[in-house]
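Shown next, in structure tokens, is the structure this report addresses.
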Amino acid sequence: MWPNTFHDGYQPLEPILNQHPKYHTFRKQLRKHNILYLEQLCTADNSTLLKWHHLSPRLHNLTKGRQPLWFTYLEDTILSDRLHRLILPHFQPPGVNAFAYNTSPIKKKLKPWLLTYNNDNEEIIIGKIRKYLPNTNQFSISHWNTNIDFEHKHYYPLPDLNCTPCTGCHLNSNRVKQTCTINISATICTSFLGRKTPKFKFNANYLDLIYSTAIKHSL
């Protein structure tokens with residue numbers, strides 16, 4: 001029996017995946033990544049299944065390699081369509097995704113990034129963690145600029161996004177020369193494993209990062 005299959009009302013993956021002939025192999029793969037519940041793979045409102053390469057905020061690691069067969073089977077089973085990735089009503093978990101409330105940051109050795117927003121002017125703030133400031137429960141981040149389209153409301157399909165280092169703005173703490181650094185709350189933010197490649201990769205759905213951060217403002 002898969003341990004801890006039912007807990008705190010979450011939607012377990014086992015009843016969905018155990019119909020597949022390779023379920024025993026699936027179970028080993030899921031255990032390796034500590035995946036038990038559908039909510040671990042969903043957006044903040046539980047309406048949408050995140051893409052495989054957008055799971056770093058939920059799983060706190062990078063989903064490397066090809067998409068596994070169990071995830072493809074899950075898509076085939078619970079999605080109404082592959083374009084918008086909406087979950088069929090009888091599979092959709094109710095309410096807000098509890099995993100989106102997670103305020104524990106990704107381990108620093110994994111080089112995490114953070115997203116939050118300035119509540120005064122609703123400005124989205126993205127940056128790479130520099131260090132934790134325990135006296136104020138804040139993170140110091142290297143600030144990056146983005147061109148997020150606030151008119152876009154759907155998780156998928158997701159428009160491309162440019163992300164570039166900020167050379168200095170009104171939020172700059174001016175603590176580091178030639179780098180825009182900002183101190184942000186360690187509670188009201190969402191961590192993800194962005195990577196600086198020739199084109200910046202979020203390894204996350206940036207709209208889900210925004211919504212996951214927004215629900216923490218009630219904490």
I need the phi-derived Karplus couplings for the range 14-19: 6.51 cos²θ - 1.76 cosθ + 1.60, θ = phi - 60°, integer Hz, Gly and Pro marked x. 3, x, 7, 8, 6, 7
Which far-off residues, 5 or more places away or on another chain, put their amide H under 5 Å from the one on H84, with H placed in the peptide plane? none
Hey, what do the phi angles of the range 138-146 turn into as Karplus ³J(HN,Hα) couplings, whole Hz, using 6.51/-1.76/1.60 and θ = phi - 60°, x for Gly and Pro? 10, 10, 8, 10, 8, 6, 10, 8, 9
What are the residues whose amide H is under 5 Å from the amide H of C163, where those residues sit 5 or more places off or on another chain and H is modelled from the backbone? F200
Could you bin all the Cα-Cα distances of the range 14-98 into 10 Å bins starting at 0 and give me the percent of pairs in each, rounded to whole numbers? 17, 54, 29, 1
Taking the chain as the reference, fit the longest principal axis to its C-alpha atoms, fit the long axis of helix 23-32 to the helix C-alpha atoms, and give the angle between the two in degrees, 0 to 90, nearest 10. 30
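Counting other C-beta atoms within 10 Å, and keeping those with at most 12, which DSSP coil chymotrypsin sites (Phe, Trp or Tyr not before Pro) do you find in the range 119-185?
Of the chymotrypsin sites (Phe, Trp or Tyr not before Pro), the ones in loops of the range 119-185 whose Cβ has at most 12 other Cβ atoms within 10 Å are F150.
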At the level of C-alpha centres, the distance separating the range 143-160 and the range 93-132, in angstrom, is 16
Work out the FRET efficiency for K111 and L88 from their Cβ-Cβ distance, taking R0 = 45 Å, and round it to the nearest 0.05. 0.80
From zero up to wherever the largest Cα-Cα distance of the chain sits, split into 10 Å bins and tell me the percent of pairs in each. 7, 32, 34, 18, 7, 1
Cysteines without a disulfide-compatible partner [the chain; Cβ-Cβ under 4.7 Å]: C42, C163, C169, C189
For the cross-link pairs K128/K177; K32/K108; K128/K196; K177/K199; K108/K196; K108/K131, which exceed 19 Å when the distance is taken from alpha carbon to alpha carbon? K32/K108; K177/K199
Looking at the chain, identify the longest residue range that excludes and avoids all trypsin sites (Lys or Arg not before Pro) in DSSP loops having at most 15 other Cβ atoms within 10 Å. 108-152
Longest exposed-loop-site-free stretch of the chain, with GluC sites (Glu not before Pro), DSSP loop and at most 12 other Cβ within 10 Å? 1-121
Run the numbers for T25 and N119: contour at 0.36 nm per residue of separation, minus the present Cα-Cα distance, in nm. 29.2 nm
Proxy exposure order for F71, F99 (fewest C-beta within 10 Å first) is F99, F71
G194's amide H: which non-local residues (gap 5+, or another chain) put their own amide H closer than 5 Å, with H modeled 1.01 Å from N in plane and none for Pro or chain starts? W113
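Every read-out reported here was derived from the displayed coordinates using simple, explicitly stated rules and does not represent laboratory data. As the structure is a prediction and not an experimental result, all values here were calculated from the model. Glycine also receives a Cβ, built like all others from the backbone with ideal geometry; neighbour counts cover every protein chain displayed.
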